[in-house]
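The values are calculated or read from the model by the stated rules, or taken from the named source; none is laboratory data. If you're wondering where the values come from, they're calculated on a predicted model, not measured in any experiment. Cβ placement follows ideal geometry from the backbone for every residue including glycine, while neighbour counts extend to all protein chains displayed.
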Amino acid sequence: MKSWVKMALAALAALTLAAAPAAAQVPDQYARELAQRLSRAETVLVENGYARAAGPFAAGIAGGEGRRFSLLMRAGQDYRVVGVCESRCGDFNIRVYDMGGRLMGQDVLADNVPVVHVRPRVTGRHIVEIEMVRCARAPCWSAFNVYSR
């Protein structure tokens, strides 16, 4: 991908994060870091035929805490949920649940860039749960995008 396209994607992601609702207003220094990390992940997914379906969703949370987000997902669609967190984050997890509350997929490895692959059986509202396992100094900021193909 050309460098000007990468810069444009990073700038767009930064603007989108900065324009998040007040409850999830990411401080500038972390918004830039999260946008850059999401942009790197997006480059790989776009090269593999994915397009952003939703996001970015952002949250500032302490270690041991989590947040849930409701998303419309379509039956039979291939989804990737990709999360990132800023440098003070030590471990960040994502889980995806179906409409009945059953776990569909998760990335709970000891890392700070979780990727979850799901293919819903039914169209409807699904839950993406993020969990900040370790955070050096709360709040640690995280964000995720949802991609489909």
Residues in the stretch 78-127 that are farther than 25 Å from Q36 by Cβ and hydrophobic (A, V, I, L, M, F, W, C) total 6
Can you name every residue in the stretch 92-112 that is under 16 Å from G66 (Cα atoms) and buried (at least 17 other Cβ atoms within 10 Å of the Cβ)? F92, N93, I94, R95, V96, Y97, Q106, D107, N112
If the requirement is being out of contact with any Gly (no Cβ under 8 Å at 6 or more places or on another chain) and crowded, with 16+ Cβ neighbours inside 10 Å, which of these qualifies: A62, A35, A75? A35
Taking the condition modelled with pLDDT under 95 and closer than 29 Å to R119 by Cα, does A53 pass? no
For the stretch 92-118, the count of residues that are in contact with a strand residue (DSSP E or B) (Cβ under 7 Å, 6 or more places away or on another chain) and either over 21 Å from Y30 (Cα atoms) or of a type in the set (A, V, I, L, M) (or both) equals 18
Which residue pairs have Cβ atoms under 7 Å apart, sit 6 or more places apart or on different chains, and have a first residue in the stretch 83-111 that is touching a residue at least 24 places away in the same chain (Cβ under 8 Å) and a second that is in a loop (DSSP other than H, G, I, E, B) and among the hydroxyl-bearing types (S, T, Y)? none
Report whether or not R137 is outside any helix (DSSP H, G or I) and over 15 Å from the mean Cα position of the chain (by Cα). yes
Mind counting the residues in the stretch 1-48 that are modelled with pLDDT of 90 or more and part of a helix (DSSP H, G or I)? 20
Somewhere in the stretch 99-106, is a residue modelled with pLDDT of 95 or more and under 24 Å from A136 (Cα atoms)? yes
I'd like the full set of residues that are part of a strand (DSSP E or B) and more than 11 Å from the chain's Cα centre (by Cα), limited to the stretch 78-94. Y79, C89, G90, D91
Residues of the stretch 120-139 being surrounded by 13 or more Cβ atoms within 10 Å (Cβ to Cβ) and among the basic types (K, R), in sequence order, are R134
When you look at G64, is it modelled with pLDDT under 95, over 11 Å from the mean Cα position of the chain (by Cα) and closer than 26 Å to Q29 by Cβ, yes or no? no
